[in-house]
Amino acid sequence: MFFNSIDFAIFLPIIFILYWFVTNKNLKSQNLLIVISSYIFYGWWDWRFLSLILFSTIIDYLIGVRLSNQENQNKRKLLLWTSILVNLGFLGFFKYYNFFLDNFITAFSFFGTEINANSLNIILPVGISFYTFQTLSYTIDVYKQQLEPTKDFIAFSAFVSFFPQLVAGPIERATNLLPQFNKKRVFDNNKAIDGLHLILWGLFKKIVIADSCATYVNEIFSNYETMNSLTLILGAIYFTFQIYCDFSGYSDIAIGTSKLFGFSLIRNFNFPYFSRDISEFWRRWHISLSTWFRDYLYIPLGGSRGNKWNQVRNVFIIFIVSGFWHGANWTFIVWGTLNALYFLPILLTKNNRKNLDTVAKGKYLPTVKEFLQMSFTFGLTVLAWIFFRADSVLIAVKYIKNIFSFNFKRGIQYLSIERYAPELLILILLFIISEWSSREREHPFFGKWRHLKISLTILALVTLGVYSNVTDFIYFQF
Amino acid sequence: MKKFVTYTLSILVLTIGLVYLSDFIYTEVYTHFKPRNKLQYILKTKNENFDIVFIGSSRVANHIDTELFDSISNKKTINLGVEGAGLNDNLLQLKLLINSNHISNVFLQIDSNFESISPSNIAISEAMPFLKNKIIKNHIKKYFENFEKLEHIPFYRYAVNDPKIGFREFFFSIINKKPATNPNAGFTPKFGNKIPKTESSLPKLIRKENIILDEIIRICKINKISLTLYTSPYCSKIKTEDYIKKLINKFPNLINLSKGYNDRLFYDCGHLNNQGAKIFTNNLYNETKDK
């Protein structure tokens, strides 16, 4: 079931009513309702893969319980590694089997040895990368004794499968989300209205901005060989906004939906394109994944401690693994490597924690220096996104090469697209202004003009939304 | 909870209100503003007398220079060719036109369009604002499983056809932007010469009958309109002979103008350029002036 579907528009109010009016007297019933509705939500896409979630839930629940009773350090380690191997084993098989097989075959054939092995026709279960990391965080935290393991299987199942964030995050930490399933939820009007606003803003980002950009991005990336430099630059910029609005739109709807049920999820995006350096960008982009890698990979590796070589190694490991997490393609690995290269000078000059506050806080406009810093960081990000979007590294390189051919003849080319042409640029500009004006909040619906802003957003959803060519959320494929 | 429910309901009411309002404004604009496509033009045309109406696809829109035809024939003609249109769309145009105008002759271009009985997406999208028109409604409703939704859910028809009748087209109608194809003149000349290297051919087999064409013939007969069928040329890279022969077997009166045009007279393989169109218009006049 997708957030931008009629099915979800019917599903959500039904679950909301059952949750607050039928099961509200009993915490266990509420949690059970969440589990059942989450399984329906996921099974709507493909019920067969529910067994994976259930299996993962049972394994990690049992390991958690055993860890709490186990004093022997070796046995505790064995339990931890069992959880890691089972979870990453599923992820590795479904997501990376064909990638490794193809690359082994290519590598061997390069040295003259032909290997006959058939790739498998594997369907990637939606959200596997997200819930795998979420359950892993539970086992690791219990192992480290930072979290008391739960004895309540229903609450644990609800934590693993919580439908608002099941298929595309935010990747929740057990330390934040699990205790919320053990506490009685009291309906909070303001929180629920705030949730509604987030859902509205998320839908606007997805249906109006991301899907409008997608039409152009698909056309431009499919025909990059015949496009001039200006169009290719616009194609990359459109993708930059498409991926941001697609993914942050999903996160907004997830966080907003959770608020309707009395839950608080962690913030996943914090206006990343207003970052003054790459380090700040990564503190603001896909925050739940960045912090996951920071806490469970980067810091255990030594983080920014140790000698320069170790620091460089750790930065490359975390960015390359992060790239590889997104998908089994060299394009993601190059994207990660490129970000590591961007990050390295900042780390080595110890400037990685320079811009911790919000840019131009309390002011209408940034300083010239801040503007230039944001533009430079944005430019670097746009360049990296080309690798993320392209079908292969070679295509990305050719795409960039064509940009630098400096062919600006024929203005903006849009091939056969008949939807908005210059209008999309105006729309993006208005979106940037709206984001800028609300950069110290979660959404733009605040202040005395909020009712007007809500009306205009709904009007834009109705008249500017893309409904003829509905696209899935990009991060479903990860 | 009461505050939240009231707030949610007010958002819902606002959304429904905006959906109705948008639908109303879009429909009013497409109905009352200056036409930007040929369907809108037909709907606005009332009590006119046309000696000849040319209908078909872009191979009519790009080939028949009505100004030239009018000057050499001394007749009042109109070119209603639409890019991407099929016989089904031509039938709808004809039904709408004869509903409030007088027509003496219809010139219908046929070629491989004989193989299709479905309406084109372009023509259907352009018809969506006018679902209250009984002729349009009866003509297109059988092609849509979701016709009830298109007809009754406000703004749904505009949302699912947004590339053609969405905000962009709505905005252009309001500011009265000149369309790429002038619906009044009808003729859309093409300039240049882009002949592809690869060869192709018209379909090998011909369908037994085309119920849409039969309907066009029937309507013309009932309304005492003379119907002339003709076929336009393709460039040398497309093999046409076999198919055209089969077409002539079915319609012995078909005026075959598919040959005798040099490749330099083409914009692309299926469309003549401006120079070719003028020659073709002259030839069509000469072939039909005594009929």
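Read-outs throughout are calculated quantities, based only on the coordinates presented, and are distinct from any laboratory measurement. Keep in mind that this is a model prediction, so the values were computed, not measured. Counting neighbours? That spans all protein chains shown, and the Cβs are built from the backbone with ideal geometry, glycine included.
Here are a few things to note about the model shown:
- Modelled spin labels at A:VAL393 and A:ASN176, positioned 7 Å past Cα toward Cβ, are 3.4 nm from each other.
- Cα centroid separation - segment A:235-294 against segment A:27-99, whole Å: 25 Å
- Cross-link pairs beyond the 28 Å C-alpha cut-off, checked among B:LYS164/B:LYS278; B:LYS132/B:LYS164; B:LYS34/B:LYS224; A:LYS28/A:LYS453; B:LYS137/B:LYS250; A:LYS28/A:LYS206: B:LYS164/B:LYS278; B:LYS34/B:LYS224; A:LYS28/A:LYS453; B:LYS137/B:LYS250; A:LYS28/A:LYS206
- Pairs of alpha carbons in chain B whose separation is greater than 23 Å (percent): 59 percent
- Amide H contacts of B:PHE107 (H built 1.01 Å from N, in plane; Pro and chain starts excluded): B:VAL53, B:PHE54, B:ILE55, B:THR228 sit under 5 Å, all sequence-distant by 5 or more or on other chains.
- Between amide H atoms placed 1.01 Å from N, distances below 5 Å from B:TYR267 occur with B:LEU272, B:ASN273, all of them 5 or more places distant or on a separate chain.
- Seen from A:ILE84, the other residues with C-beta closer than 12 Å to its C-beta sum to a net charge of 0, counting Lys and Arg as +1 and Asp and Glu as -1.
- For segment A:355-397, the fraction of alpha-carbon pairs lying more than 17 Å apart is 49 percent, rounded to a whole number.
- Cross-link reach list, lysines versus A:LYS25, counting only Cα pairs under 30 Å and skipping chain neighbours closer than eight places: A:LYS151, A:LYS183, A:LYS184, A:LYS191, A:LYS259, B:LYS2, B:LYS3
- Inter-site label distance for B:ILE217 and A:ASP152 at 7 Å from Cα along Cβ, in nm: 7.8 nm
- For segment B:113-126, backbone phi angles converted through the Karplus equation (6.51, -1.76, 1.60; θ = phi - 60°) give residue-by-residue couplings of 5, 4, 7, 10, 10, 8, x, 7, 5, 4, 5, 5, 4, 5 Hz, Gly and Pro being listed as x.
- The long axis of helix B:2-32 is offset from the longest Cα principal axis of chain B by roughly 30 degrees.
- Per residue Cα convex hull volume in Å³ - calculated over segment A:269-370: 108 Å³
- Note on segment A:160-229: the alpha carbon radius of gyration divided by the globular reference 2.2 N^0.38 Å gives 1.74.
- HN-Hα J in Hz across segment B:271-286 - Karplus 6.51, -1.76, 1.60, θ = phi - 60°, x for Gly and Pro: 9, 6, 7, 4, 5, x, 4, 5, 5, 5, 4, 4, 5, 5, 4, 4
- 3J(HN,Hα) along segment A:276-288, derived from phi through the Karplus expression 6.51 cos²θ - 1.76 cosθ + 1.60 where θ = phi - 60°, amounts to 9, 8, 5, 4, 5, 4, 6, 7, 10, 9, 6, 4, 5 Hz, with x in place of Gly and Pro.
- With Cα atoms as the point set, chain A shows a radius of gyration and Dmax of 23.1, 72 Å.
- Potential extension, A:ASN74-A:TRP47 segment - 0.36 nm per residue separation minus Cα distance: 5.9 nm
- Segment A:6-185: proportion of alpha-carbon pairs further apart than 24 angstrom, %: 46 percent
- Fully extending the segment from A:LEU356 to A:ASN98, taken as 0.36 nm per residue of separation minus the present Cα-Cα distance, adds 88.8 nm.
- Per-residue average of Cβ from other chains inside 10 Å of A:188-195: 3
- Between A:ILE14 and A:ILE105, the distance separating the two model label sites (each 7 Å from Cα on the Cα→Cβ line) works out to 4.4 nm.
- Segment B:78-110 versus segment A:106-185: alpha-carbon centroid distance in Å: 61 Å
- Sites A:ARG267 and B:ASN193, calculated FRET efficiency, Cβ-Cβ separation with R0 60 Å, nearest 0.05: 0.55
- Zone of B:ASP51's modelled label, taken as backbone nitrogen in segment B:275-289 under 20 Å from a point 7 Å along Cα→Cβ: B:278-289
- With the biggest extent put first, the Cα atoms of segment B:1-79 measure 77, 27, 14 Å across the principal axes.
- Shielding by other protein chains, B:165-175, mean Cβ within 10 Å: 3
- B:LYS239 long-range amide H proximity, modeled H, under 5 Å: B:SER200, B:SER201, B:LEU202
- Net charge in the neighbourhood of B:ASP268 (other residues with Cβ under 12 Å of its Cβ; Lys, Arg +1, Asp, Glu -1) is +3.
- Listed by number, the DSSP H helices of chain A that run 24 Å or longer by alpha-carbon position along their axis and have mean Kyte hydropathy of at least -1.0 are A:27-46, A:50-69, A:73-91, A:229-260, A:308-326, A:330-348, A:368-389.
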